[in-house]
């Protein structure tokens with residue numbers, strides 16, 4: 001009987017309300033609307049009249065919730081702040097707290113407006129599908145609060161952070177920002193510190209970070225389900241913050257870009273740190289594992305987290321966060337530039353937060369052996385150190401680049417020439433909030449060949465000249481191959497000039513030298529070992545019958561540079577014994 005009575009009463013209220021509004025010419029039915037942001041003080045009109053105007057706030061408002069047409073709960077105490085039990089509520093009116101509702105499912109919400117004589121003069125109703133979530137709030141440093149909850153697919157969420165400040169003194173935080181004005185009666189005042197934008201959930205988990213100085217007091221998080229017209233909310237318990245966290249000085253950040261196969265680009269961030277002044281490196285905690293969190297500065301629900309203990313910032317390995325490229329600008333969709341890096345160790349209350357800039361370094365091939373290294377301009381600094389580091393061999397000299405303002409030149413760049421074929425890493429380093437290095441791997445395929453002993457660079461060619469060892473053309477071809485090269489291809493006038501000058505300067509010009517051309521395959525068609533045709537005439541060949549050309553003698557099938565004719569080309573018998581010019585070629 002007692003279960004049936006509330007249903008009959010609710011039905012009677014509805015009928016009486018509609019009749020009263022019609023017969024007396026009252027306000028008529030109200031309309032519920034979304035509550036996007038909330039103020040702690042005063043009445044927030046989340047209901048309106050049908051024409052969109054504010055309702056009569058001198059009336060007394062109540063809410064009734066119907067479950068399956070039978071149960072209802074009357075909540076006449078209307079308030080906004082998170083309750084003490086950590087249960088959830090639904091926003092409406094000023095708004096309404098549903099701390100007594102512990103179920104998910106479909107409900108009907110009615111908001112009743114009563115006059116001074118307790119007559120119902122207007123109502124609003126809305127069908128709701130409640131989705132309860134469990135909200136967890138935890139502190140992760142003097143400047144960071146983490147809110148997390150499990151995602152209900154298809155729902156849209158916002159986050160509010162609440163505080164109950166206290167008057168006790170506290171240690172100074174890492175960020176010496178201006179403190180808030182003292183409250184006259186802080187124990188009774190609850191305030192909304194921030195309201196997030198739309199939260200993006202990943203892999204079924206929703207996370208939001210509140211960053212900035214934390215004052216002494218209790219804090220709670222409220223997750224607003226904004227899927228339907230009336231916001232529903234789930235709340236965490238109140239948590240007292242600990243203001244005695246130890247700071248960790250983040251020394252350097254490196255962001256490396258790679259291109260593993262068909263996966264597209266992959267970015268990995270590595271951070272290293274040291275103890276702040278006053279703490280020794282040998283103290284407990286040096287080997288303790290930290291959690292690294294990389295946060296999108298434009299959307300603090302777009303984060304990447306490592307597991308607790310997954311990184312060691314005080315070691316040489318540092319802390320690593322993968323897939324940095326997945327953090328995107330919520331307005332434009334491209335990769336975000338501004339990031340926040342948090343390193344935290346819960347057990348020992350160690351934490352630090354710094355800003356990081358990812359300026360998206362790029363490398364473009366602009367000519368044989370030449371690359372353009374470019375990156376976005378920074379608002380923090382105009383000075384950059386640029387390096388191109390080969391996988392093997394000696395790197396070219398680093399460049400110091402000064403860039404203009406972001407408005408006048410959105411990109412900075414530097415050019416490196418005369419690079420050999422091989423694998424490289426381009427690095428751009430700068431001093432922002434933390435020492436930062438951006439790196440990207442690339443290859444040079446159209447440059448020169450890296451010279452290592454016994455080879456040496458000569459006019460962009462890696463050559464080795466041995467005037468002591470001699471043999472037939474085939475023997476010297478094998479000799480060069482065993483050294484990692486082949487008989488030289490002399491098809492450039494500049495190379496030929498520098499070779500002749502080299503052997504004269506080194507006192508070895510009194511020898512004949514085999515090079516890599518022959519017509520053994522087809523008589524009269526001289527080709528290099530790579531299959532390219534050997535050029536005829538000036539300036540390469542010596543004179544034969546007053547013409548600079550081969551003798552075209554079937555017994556002379558291999559090319560030598562002869563000391564008898566100032567080291568011009570002659571076709572010689574391949575069985576002759578000569579020294580060799582070996583050239584190292586790029587690996588394919």
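A few notes on this one:
- Cβ crowding within 10 Å ranks 540, 424 as 540, 424, fewest other Cβ atoms first.
- Whole-number percent relative contact order across the range 504-588, with pairs defined as alpha carbons under 8 Å at least 6 apart: 32
- Length-normalised contact order of the range 362-444 in % [C-alpha pairs under 8 Å, at least 6 apart]: 34
- Protection proxy ranking, highest mean first, for peptides 453-459, 268-274: 268-274, 453-459, where packing is the per-residue count of other beta-carbon atoms within 10 Å, averaged.
- Anisotropy class of the range 334-380 from Cα gyration tensor, a/c 1.5 cut: prolate
- Three-way shape label, the range 362-444, alpha-carbon gyration tensor, a/c 1.5: prolate
- The peptide list 462-475, 389-402, put in order of mean Cβ contacts within 10 Å with the highest first, becomes 462-475, 389-402.
- Tensor-based shape of the range 456-584 (alpha-carbon gyration tensor, a/c under 1.5 rounded, otherwise prolate or oblate): rounded
- For peptides 508-518, 235-245, sequence by mean Cβ density within 10 Å, most packed first: 508-518, 235-245
Where a number appears in this text, it was derived from the coordinates with a stated rule and is not lab data. None of the values given here were measured: they were computed from a predicted structure. Glycine also receives a Cβ, built like all others from the backbone with ideal geometry; neighbour counts cover every protein chain displayed.
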